[in-house]
Structures are given as structure tokens and as C-alpha cells.
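A short worksheet on the structure shown next.
Computed from the coordinates by the stated procedures, all read-outs in this text should not be read as laboratory data. As the structure is a computational prediction, the values presented were derived from the model and not from experiment. Neighbour counts are summed over all protein chains in view; Cβ atoms, including those assigned to glycine, are modelled from backbone coordinates with ideal geometry.
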Amino acid sequence: MSTTVIIWTLTAVIAGAIGAMVGQRRGRQYAGFWWGFLLGPLGWLIVALGPDLSASNCVHCGAKRYQIRLCTQCGKDAWTLG
Ligand SMILES: [Zn+2]
């Protein structure tokens, strides 16, 4: 492995780690990592402006949900009505 490849890999991993920190505040640390890993600063921006999944309310019963699609309280799809 050449030095250039190592430097690029390290840079991508660091950018991914920063993306994960940005994403963590919005409940998307894994998505944040990959956005940062693949796109660098542009990925951080995408995560920072993306949907906040950390503490949204269920549209049916208002219960808090965390990164889960089905509401734990009423069992319905917490993102869409109907
Ligand atoms: Zn619910």
C-alpha cells in the first residue's frame, strides 16, 4: 500500500468520524459516518441539514421515537399518517 493510499484512507476515516459526530446529534451517526467518509465536508453538510431522527414524535399518538420506524407505543408507522 502506498503512502498516498494510506493518507487518503486516514483522511476518509477522520472525515467519517466527524460526520458521525455531526450525525449523532441528529440520531444518524452511522449515516453521518458514511456521508463524511464518502463526501468529506460536503457529507457533513448533508447530515447537518438532513432529517433529525433523534427525537421525533409519532404522528399518531405523539410518543417519542428514536431511529425506529414503528412506534413503540401504538405500533403504527411513526413517519406517515394513515
Ligand atoms: Zn405512536
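Some values worked out for this structure:
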{"read-out": "Kyte-Doolittle mean at least 0.5 and Cα axial length at least 18 Å: DSSP H helices in the chain", "value": "3-24"}
{"read-out": "Normalised contact order of the chain, rounded percent, pairs of Cα under 8 Å and 6 or more residues apart", "value": "20 percent"}
{"read-out": "Pairwise FRET efficiency - Leu45 versus Asp77, Cβ, R0 = 35 Å, nearest 0.05", "value": "0.75"}
{"read-out": "Stretch gain in nm, segment Leu70-Trp34, where the contour uses 0.36 nm per residue and the Cα spacing is subtracted", "value": "10.5 nm"}
{"read-out": "Reduced Cα scattering model of the chain, Debye log10 I(q)/I(0), q = 0.12, 0.23 Å⁻¹", "value": "-0.44, -0.90"}
{"read-out": "Ratio Rg/Rh, restricted to region 3-51 and using Cα atoms, in which Rh is the Kirkwood radius", "value": "1.03"}
{"read-out": "Summed residue charge, Cβ within 15 Å of Ala20's Cβ, Lys/Arg positive, Asp/Glu negative", "value": "+3"}
